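The values are calculated or read from the model by the stated rules, or taken from the named source; none is laboratory data. All values derive from a computational prediction rather than experimental measurement. We place every Cβ from the backbone using ideal geometry, glycine too, and count neighbours over all the protein chains shown.
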Amino acid sequence: MKRLNTKLFWAVWALLSIAGALYAAKTLYVTGDRTVLLPGETTGVHHQFEISCHTCHTSDDFEDVNSVRKDINKTCVTCHKDELKASNDSHPIKKFKNPRMADFWEKIDGRFCTSCHAEHSPEATLHAGVTLQGDFCVACHSEGDQDVRQNRESHAELTFDTCASSGCHNYHDNRALYEDFLVKHGNMPWVKEEPVHLPAALSRTPSEAVADIETYLATVDTALPAYDETIAHDWAASAHAAGDVGCAGCHAPEATNEAEIETQWVEAPSEAVCADCHRNEAKTFALGRHGMRRHPEIADPRDAKRSLKDLGFSDPPEAMVRLIEAYLADPDAPQAMSTSEARVSLKPEAHGQDLTCSTCHDPHAQDLDFAAVDACLSCHNDEHSTSYKDSTHFALWFDEKDGLLPPGSGVTCATCHMPQSEKGGKVLTNHNQNDTLRPNEKMIRATCLSCHSLEFAIDALADPELVKNNFSGQPNRHIESIDWALRRVEPTDTDANQ
Amino acid sequence: MRFAAVMGAMFVCASMAQADSPVVADRGLDGFVSVDRLPVPEASFLQDGRTIWADTCEGCHGGNKYVGAPKITSLRAWEPRIAQGMEILIDHAVNGFVGPKYTEMPPRGANPDLTDEQVAAAVAFMVWTSGGDAVVETYLKTLMGEGS
Amino acid sequence: MYDKFKGLKASVLAGALAVGAMQPATAEEGLDFQTVSDLLHLVMSSDRTVYTRMIVNRLAVEEKVITASEHFEDDKALVLPAQMFRFGSEMVAEETDAFSYSLLSLWPINKQNAPSTPLEIEGLEYLAENPGENFYGEEELGGEKYFTAFYPDISVAEACSKCHNEHKDSPRTDFKGGDVMGGVVIRIPMDS
């Protein structure tokens, strides 16, 4: 009896093990929810598409480790290449591919993003997703011709933990920090004489207002399935009305006559309708944390039939495929980011909202003031956000609204976090709210320099306390990079005659 | 300086007839032509030119194929240039010139320390060595005429 | 000095160059590394010369309608010929591992263009001491064997020497027109 029991247990154990292994293998190689297999939380915004493993893990099953590394690194560039190109990358991959760099590959292999940005290791991840110690520059810039302490008198006494942490250098983006730029923008007053952000000024200059909304509305055909007095008023004062985009433009965009408008009417148009016209906004929105879920490069859920084919089942039985699809399919990725999933401090009452265009933009009323400040502050609850309304930047905006200051003088949340630019007379608003952060020196050229000196901007952004209190006051530290750069070009007694 | 150059030119002209025959070839001497492969003219004006040429002009006009400068001793390269006359050649050398194929002759051969006369002497030496000895003879006589 | 090439790659490279005057290379014979490298260099240096003369000299020196600048984006200027050359080499690096090239110098303004291998030091020194000559060698880097060729990089315009002489980061300040300022280094892997 005892023997039998033991045997039975062994058999049950074996069966369960095999079943478990099969299930795990199926989840790995066919379809199914893989959350449980995550080796560790992903970095930054990557958590938003963490369940779509094969966005990054594109290699075929059972590939060797070198191919897997190459494949994974290709996917980094798929999404980040535009950003890297725009940053005028100081350490681009292509620079390290040359075999003459072989000695450096041993130190930090610059051919692969993952050399510095390892994923799934939250405990080792520092600022900007870097998983190396902060003194990583030492690897390549401390010996021979490359020894920066030899090449720069000012750097002789410096230690390598301060290169990238002091507001002086970044590994990728040095557009506002390179030496000649420091020289060109040195010796300037901390605030300009006419502090105005030009693209913002262009967009905030009031357009010709509709003189009399009632009269205007009377001229517009309002025989519509849904007509609401307030909505009509809001719309009439908006850019949509000025651009001849009427109700059907969004609610029945394909309709060509009134009967079709009636039949095709959609009560709540999807974001795709907005994106149809607002292409730049939709594109940049999908690059930031608010809209990342729409990013075109995020992998779709796996197709069971294709996964089976990849494993060698060239013609899997239909019934099997349907069974897998019905019970064991990849979970659908959520379409929008929800405030409940956010990893930053938000107001309790903001939780449970999906982020879409209309979260910040009322579809009928054009209220850019709301979108630029109050929309942000209705959710964000960190010290920087809650301090904004006590800041000089806010006061300037208040005065601009009051007509006391010229357009473009006020600094809203959007002025810095969604900087506007002018292209061919049109003002584009960057809807990737993270584009000028990470590192925050990216903000210098896009925004800060419109009103401030480079020196002030570098100092202010390198002062964490000042960032926290939303720039109320002056920086408490001074970054010497400009002084050092200027000292190298200022004529001295010895070369005055040259 | 100008006076000295003219004096030199006068001095030279007397002995011009006995000057060594310049070394020339259709496409110039084989290989890079450094100054030690070139004859030493008797005229001191041209001798000065030779020294200046070695210091400032040789790097490009010695036949450096990358720079596109006409090679010294090359008849083919120099014949059409000499035909333009000394005045134009010296003007191009002093003030700089971008050729029809956009090759660049920098002002004073990129040596701002040279005087007009020194540049002219170097040009004269180069022309003298590249099939233009007769032209140089006339040029020196003109200089002497101006001086008198 | 160099091995006879046995595989396909060199002939493919030479074919891609489509130099009309060359004898058509067959796969069996192949072209030796030096020939391939010389041909590659001919294309590189010709393109760069055309850029220097017909774009930079024409527009910046003759017509004076635009300048050329290291910070061409910020200064809204032409890229320097050396930068144009470098961007080409970076683009090649993104496309293929079949060959690579770089522009190096014993007197680099940017230290990353200083020689980094023993052969690079030897080659660049040879170029500096023997104007007009090339240098060829073999070296092993990152576990792979390379045929490496060095071609002199010459100061072809006043701007070349002027900028290198006046730049605050330049270790040498006495360049003249026609001087060897550095070298173009072409590498072809020998075993793949």
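Annotation: A:ASP82 fulfils all but one of (1) in a helix (DSSP H, G or I); (2) over 20 Å from the mean Cα position of the chain (by Cα); (3) not hydroxyl-bearing (Ser, Thr, Tyr); the unmet one is (2). Looking across segment C:91-122, the residues that are in a helix (DSSP H, G or I) and within 27 Å of C:GLU70 (Cα to Cα) come down to C:MET91, C:VAL92, C:ALA93, C:GLU94, C:GLU95, C:LYS111, C:GLN112, C:ASN113, C:GLU120, C:ILE121. The set of residues in segment C:105-116 being in contact with an Asp or Glu (Cβ under 6 Å, 6 or more places away or on another chain) and facing chain A (nearest Cβ under 8 Å) consists of C:LYS111, C:ALA114. Close contacts from segment A:138-151, counting a first residue that is closer than 11 Å to A:LYS107 by Cβ and a second that is among the small types (Gly, Ala, Ser), with Cβ to Cβ under 9 Å and a gap of 6+ residues or different chains, come to A:CYS140/A:GLY110; A:GLN146/C:ALA114; A:GLN146/C:SER116. Only residues that are of a type outside the set (S, T, N, Q) and either modelled with pLDDT under 85 or in a helix (DSSP H, G or I) (or both) were counted across segment A:238-267, and they come to 14. Of the residues that make up segment A:46-55, is at least one touching a Pro at 6+ places or on another chain (Cβ under 9 Å), more than 14 Å from every other protein chain (Cβ to nearest Cβ) and surrounded by fewer than 17 Cβ atoms within 10 Å (Cβ to Cβ)? Looking for residues that are touching a Pro at 6+ places or on another chain (Cβ under 9 Å), more than 14 Å from every other protein chain (Cβ to nearest Cβ) and surrounded by fewer than 17 Cβ atoms within 10 Å (Cβ to Cβ), one finds none in segment A:46-55, hence no. The residues of segment A:278-321 that are β-branched (Val, Ile, Thr) and not in a helix (DSSP H, G or I) amount to a single one, A:ILE298. On inspection, B:ALA54 qualifies as surrounded by fewer than 20 Cβ atoms within 10 Å (Cβ to Cβ), small (Gly, Ala, Ser) and within 17 Å of B:GLY109 (Cα to Cα).
When A:ALA176, A:ALA164 are checked against the criterion of being crowded, with 16+ Cβ neighbours inside 10 Å, in contact with a Phe, Trp or Tyr (Cβ under 7 Å, 6 or more places away or on another chain) and within 22 Å of A:ALA446 (Cβ to Cβ), a single residue qualifies: A:ALA164.
Scan segment A:306-323 and give yes if some residue there is loosely packed, with under 14 Cβ neighbours inside 10 Å, more than 25 Å from A:ASP60 (Cα to Cα) and among the aliphatic types (A, V, I, L, M), otherwise no. Yes, segment A:306-323 has at least one match.
A:PRO334 meets all of the listed conditions (1) part of a helix (DSSP H, G or I); (2) touching a residue at least 40 places away in the same chain (Cβ under 8 Å) but one, namely (1). Residues considered: C:LEU141, C:LEU119. Of these, the only one that is within 9 Å of chain A (Cβ to nearest Cβ), over 30 Å from C:ASN57 (Cα atoms) and of a type in the set (A, V, I, L, M, F, W, C) is C:LEU141. If the condition is being farther than 22 Å from B:HIS61 by Cα and surrounded by fewer than 16 Cβ atoms within 10 Å (Cβ to Cβ), then segment C:173-192 contributes C:ASP191, C:SER192. The single residue among A:ALA375, A:ALA395, A:ALA365 that is out of contact with any strand residue (DSSP E or B) (no Cβ under 7 Å at 6 or more places or on another chain), at pLDDT 95 or above and within 24 Å of A:PHE285 (Cα to Cα) turns out to be A:ALA375.
Checked against the criterion of being surrounded by 14 or more Cβ atoms within 10 Å (Cβ to Cβ) and within 14 Å of chain C (Cβ to nearest Cβ), the candidates A:LYS81, A:LYS97 yield just one match: A:LYS97. Among the residues of segment C:144-163, those identified as of a type in the set (A, V, I, L, M, F, W, C), buried (at least 20 other Cβ atoms within 10 Å of the Cβ) and either touching a Ser or Thr at 6+ places or on another chain (Cβ under 8 Å) or more than 10 Å from every other protein chain (Cβ to nearest Cβ) (or both) are C:PHE147, C:ALA149, C:PHE150, C:VAL156, C:ALA157.
To keep it simple, each residue is scored yes or no on (1) in contact (Cβ under 8 Å) with a residue 24 or more places away in the chain; (2) more than 14 Å from every other protein chain (Cβ to nearest Cβ); (3) surrounded by 11 or more Cβ atoms within 10 Å (Cβ to Cβ); (4) over 23 Å from the mean Cα position of the chain (by Cα).
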residue: A:THR6; (1), (2), (3), (4): no, yes, no, yes
residue: A:LEU16; (1), (2), (3), (4): no, yes, no, yes
residue: A:GLU63; (1), (2), (3), (4): no, yes, yes, yes
residue: A:ILE72; (1), (2), (3), (4): yes, yes, yes, no
residue: A:CYS113; (1), (2), (3), (4): yes, yes, yes, no
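Residues in segment B:68-101 that are in a helix (DSSP H, G or I) and within 13 Å of chain C (Cβ to nearest Cβ): B:HIS92, B:ALA93, B:ASN95. Checking each residue in segment C:167-192 for being more than 9 Å from every other protein chain (Cβ to nearest Cβ) and either under 26 Å from A:TRP105 (Cβ atoms) or outside any loop (DSSP other than H, G, I, E, B) (or both) picks out C:VAL180, C:MET181, C:GLY182, C:GLY183, C:VAL184, C:ILE186, C:ILE188, C:MET190, C:ASP191, C:SER192.
Each residue in segment A:425-442 was checked for being surrounded by fewer than 21 Cβ atoms within 10 Å (Cβ to Cβ) and over 13 Å from the mean Cα position of the chain (by Cα), and 5 of them qualify. Scanning segment B:30-67 for residues that are among the charged types (D, E, K, R), more than 14 Å from chain C (Cβ to nearest Cβ) and not in a helix (DSSP H, G or I) yields a count of 1. Taken over segment C:59-104, the residue count meeting the criterion of being of a type in the set (Lys, Arg), over 28 Å from A:MET101 (Cβ atoms) and either within 16 Å of the chain's Cα centre (by Cα) or more than 14 Å from chain B (Cβ to nearest Cβ) (or both) is 1. Here segment A:7-52 is the region considered, the condition is being in a loop (DSSP other than H, G, I, E, B) and in contact with a Ser or Thr (Cβ under 8 Å, 6 or more places away or on another chain), and the residue that is farthest from A:TYR327 (Cα to Cα) is A:THR43. Whether a residue is among the acidic types (Asp, Glu) and surrounded by 13 or more Cβ atoms within 10 Å (Cβ to Cβ) was assessed, and A:ASP374 passes this test.
For every residue, the table says whether it meets (1) closer than 30 Å to A:VAL68 by Cα; (2) of a type in the set (Asp, Glu).
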{"site": "A:PHE112", "(1), (2)": "yes, no"}
{"site": "A:SER115", "(1), (2)": "yes, no"}
{"site": "A:PRO122", "(1), (2)": "yes, no"}
{"site": "A:ALA128", "(1), (2)": "yes, no"}
{"site": "A:THR131", "(1), (2)": "yes, no"}
{"site": "A:ALA139", "(1), (2)": "yes, no"}
{"site": "A:GLN146", "(1), (2)": "no, no"}
{"site": "A:GLN150", "(1), (2)": "no, no"}
{"site": "A:GLU157", "(1), (2)": "no, yes"}
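For A:GLU422, the conditions (1) modelled with pLDDT of 95 or more; (2) in contact with a Leu (Cβ under 9 Å, 6 or more places away or on another chain); (3) surrounded by fewer than 20 Cβ atoms within 10 Å (Cβ to Cβ) are fulfilled apart from (1).
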